[in-house]
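First comes the structure, then the notes that go with it.
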Amino acid sequence: MWRTYRDEVEFFVVYIREAHPLDGYSPLGGDGHPIVEDPQDLSERNRVAKTCSTRLALEPMPMLVDDVDDVVGDAYAAHPDRIYLVGRDGRVSYRGGEGPFLFDPGELETAIRLELSTF
Amino acid sequence: MKKLVIPVLALSAACQSPARQTPDEVSVSAKETTVAAASSKGFAREPSTVWEYLHAKYDANGDDAVALEEYDRGEGAFARLDGDRDGRITASDFRTGGGMMEDMLAFMAQMLVMQLFDDGVDSDLLHIAELEEAVGMLDVNFDGAVDVEELSGRIAALGDSDDGMLRTMLSRRDPYETLASVIDEDGDGALGRMELLDYFIRNDDGDMLWESEGRSSDAEEGERPPITSGVAEGEWAPDFELAPPTGGDRIRLSSFRGSKPVALIFGSYT
């Protein structure tokens, strides 16, 4: 999807608070799931974000990292994961359901096509 | 616990190796103690289990246990990792096998328990009394357990729920089986009253909390501001300025206003 629309839409992966850090309340790790302790400062989170980007082959889609105060993630109620599309006018044109079950890239594509077709 | 329809996080499920801790990273993030010196020799191979990771990072005196003094992320986190509550983090604190599937089942079971036993009065909470009352009502043959027939009515009613997540879950896996796999400890196929109570206690400290919006089992209630339900369609997207992980210029969301739509994909590695 990124490759198809990248010229007309800016895509960003916004890296937010770890959903399941080892030292958190619902840790996951091992058995194929990454082992990550909760980053305590931005440089730690940047390191994890970079690893994630590489390991999950997200590059070259641009990634931005939310600071450890989680201001952006909280403002968008983005945890644990979520998709938004911001229209050209600066308003939210699509808000995805909360992940993991309602995280639906197909809906994003539909929203993008709608956004690009209405001027 | 991720449903595997997600590109970012599904890939994480397929990813075999966890976040690499290079010798440099370990020595930067650990305290400047013998721990750093010992683990900065690097891993012979990457840790593939949680215990391996913790053992390599924190076990300074090599006694195959991580004591509180050896751990630098706080007592709260230490206590959460010390599963058997023996005051030390050891290999026996971690279940082997299961992993993500087990966690997914646990999540689904919790959701089902909430849906099936909550009396709907305060719908965000399941109190232990509600659970007991529900069991009392359901156990029509008085054998001290709820079996699949006794639960069948309520399970059938779940299908009418307008909760999309619940319906998706129901279509993928038999709900009674999910419950039994997590709750039925003696394997008799029924959810015994004691088994249900044990389950309840294992999963919470008095009340099971289930928020219908902003559902999040890792939210530290009381420690962070309340999570809003995000930004509704049509509202202004909150502006922000963030940088890529490798450093470089910060990017401001509003800089695209008037020129391009912006797709924001929020997520994390775990």
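The values are calculated or read from the model by the stated rules, or taken from the named source; none is laboratory data. The structure presented is a predicted model; accordingly, all values stated were derived computationally and were not measured. Positions of Cβ are backbone-derived with ideal geometry, glycine not excepted, and every protein chain shown enters the neighbour counts.
When B:I265, B:I251 are checked against the criterion of being under 21 Å from the mean Cα position of the chain (by Cα), within 22 Å of A:P60 (Cα to Cα), of a type in the set (V, I, T) and modelled with pLDDT of 85 or more, a single residue qualifies: B:I265. For the stretch B:161-189, residues that are over 26 Å from the mean Cα position of the chain (by Cα) and under 16 Å from B:F117 (Cα atoms) total 0.
Taking the criterion of being farther than 28 Å from B:M169 by Cβ, part of a helix (DSSP H, G or I) and either facing chain B (nearest Cβ under 7 Å) or among the small types (G, A, S) (or both), the residues of the stretch A:67-98 that qualify are A:V72, A:A75.
The number of residues in the stretch B:146-166 that are surrounded by 14 or more Cβ atoms within 10 Å (Cβ to Cβ) and assigned to a helix (DSSP H, G or I) comes to 8. Restricting the stretch B:241-258 to residues that are out of contact with any Asp or Glu (no Cβ under 7 Å at 6 or more places or on another chain), outside any strand (DSSP E or B) and more than 7 Å from every other protein chain (Cβ to nearest Cβ), the residue that is surrounded by the most Cβ atoms within 10 Å (Cβ to Cβ) is B:S255. Checking each residue of the stretch A:51-66 against the condition of being farther than 28 Å from A:E8 by Cβ and more than 7 Å from chain B (Cβ to nearest Cβ) gives no match.
Condition first: more than 7 Å from chain B (Cβ to nearest Cβ) and either under 21 Å from B:F107 (Cβ atoms) or at pLDDT 90 or above (or both). Can you find one or more residues in the stretch A:5-19 that meet it? No, because not a single residue in the stretch A:5-19 is more than 7 Å from chain B (Cβ to nearest Cβ) and either under 21 Å from B:F107 (Cβ atoms) or at pLDDT 90 or above (or both). One residue is enough: does the stretch A:77-91 have a residue meeting the conditions touching a helix residue (DSSP H, G or I) at 6+ places or on another chain (Cβ under 6 Å) and more than 24 Å from B:P238 (Cβ to Cβ)? Scanning the stretch A:77-91 turns up no residue that is touching a helix residue (DSSP H, G or I) at 6+ places or on another chain (Cβ under 6 Å) and more than 24 Å from B:P238 (Cβ to Cβ).
Considering only the stretch A:25-32, I want to know if a residue exists there that is facing chain B (nearest Cβ under 7 Å) and among the aromatic types (F, W, Y). There is at least one residue in the stretch A:25-32 that is facing chain B (nearest Cβ under 7 Å) and among the aromatic types (F, W, Y). Please verify whether the stretch A:99-106 includes one or more residues that are more than 7 Å from chain B (Cβ to nearest Cβ) and out of contact with any Leu (no Cβ under 6 Å at 6 or more places or on another chain). Within the stretch A:99-106 (the criterion being more than 7 Å from chain B (Cβ to nearest Cβ) and out of contact with any Leu (no Cβ under 6 Å at 6 or more places or on another chain)), the answer is yes, since at least one residue qualifies. For the stretch A:32-61, the set of residues classified as of a type in the set (D, E, K, R), under 14 Å from the mean Cα position of the chain (by Cα) and assigned to a loop (DSSP other than H, G, I, E, B) consists of A:E59 only.
With respect to B:D239, is the statement that it is modelled with pLDDT of 90 or more and in contact with a Ser or Thr (Cβ under 6 Å, 6 or more places away or on another chain) true? Spelling it out, B:D239 is indeed modelled with pLDDT of 90 or more and in contact with a Ser or Thr (Cβ under 6 Å, 6 or more places away or on another chain).
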